[in-house]
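The structure under discussion appears below in the form of structure tokens.
The values are calculated or read from the model by the stated rules, or taken from the named source; none is laboratory data. Source: prediction; values computed, not measured. Cβ placement follows ideal geometry from the backbone for every residue including glycine, while neighbour counts extend to all protein chains displayed. Note: accessible area is taken over every heavy atom of the protein model, side chains too, but ligands, DNA and RNA are not part of it. Shrake-Rupley method; radii C 1.70, N 1.55, O 1.52, S 1.80 Å.
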Amino acid sequence: MSESSERKEVLYCGVCSLPPEYCEFLPSRKKCEQWLKNTHPSEHERLYSDQAVADKLAMTTLSEDKEAKEAAKMEKAEQKTEARMAREMEKKMASKVVIKRMERNKRKCVTAVFGLHVFGIDLKSTAKMFASHFACGGSVAKNPQGEDEIVVQGDFSDEIRELIMKKFPSIPAENVEFGTEDKKKKKK
């Protein structure tokens, strides 16, 4: 056994969280390369300089046709990734957070908040935050459609909207809506 065991520092990419040597095989290659160039220029020079690229090409056994196909395949994968990210962002901006006041029985009511999960917000911790802020019961429950929603005991519709705007600035104000669910009264 060697007595001089030294720790090695491994550099990880800020975009894909892999070592920079592996970034060239991912669809986010250009973003990774730009990040490396801005944050670690010496490592960028080692991996992406003309000499490094020439050395890598010399080691490959692919023909030029296969190389062109691989480059086209990587470009297509990168375009798909960018398109998927754009669709997710569009979906996120189109989705709504709905705050509903529902009557339980005679004078009791609960406030349900649906749609926060689309914006990447943890429902359990948010329900706990609502419960502690309003000093009432709050939990995550399934709604009739089978989706998770936050249920807070009491009528806190306006206050919850203000709290959402304050705590989660990533949610646009126009995406938060109020809804009411009225139970039909029994006729005698």
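Here are the numbers for this structure:
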| read-out | value |
| --- | --- |
| Among SER132, VAL151, PHE178 - extreme Cα towards positive end, dipole of region 113-184, charges at beta-carbon | SER132 |
| Per residue value of the accessible surface for the chain (all protein chains in place, 1.4 Å probe), Å² | 76 |
| Calculated from backbone phi, Karplus (6.51, -1.76, 1.60) coupling profile of region 10-22 in Hz, x at Gly/Pro | 9, 8, 10, 5, x, 9, 10, 6, 10, x, x, 5, 8 |
| Local net charge near LEU47, Cβ-Cβ under 13 Å (Lys/Arg +1, Asp/Glu -1) | -3 |
| Helix 29-39 axis, angle to the chain major axis (alpha carbon atoms, nearest 10°) | 80 |
| Under 12 Å from LYS37, Cα to Cα: aspartates and glutamates that are on another chain or at least 8 residues apart | GLU45 |
| Among the listed pairs LYS73/LYS96; LYS100/LYS124; LYS30/LYS166; LYS100/LYS128, those beyond 28 Å (Cα-Cα) | LYS73/LYS96; LYS30/LYS166 |
| Spin-label zone in region 109-128 - amide nitrogen under 19 Å from a point set 7 Å from the Cα of GLU159 along the C-beta vector | 109-114, 125-128 |
| Ratio Rg/Rh, restricted to region 79-149 and using Cα atoms, in which Rh is the Kirkwood radius | 1.10 |
| Stretchable slack from LYS92 to PHE119, in nm (0.36 nm times residue separation minus alpha-carbon distance) | 9.1 nm |
| Accessible carbon and sulfur surface of region 1-126 relative to its total accessible area, %, 1.4 Å | 53 |
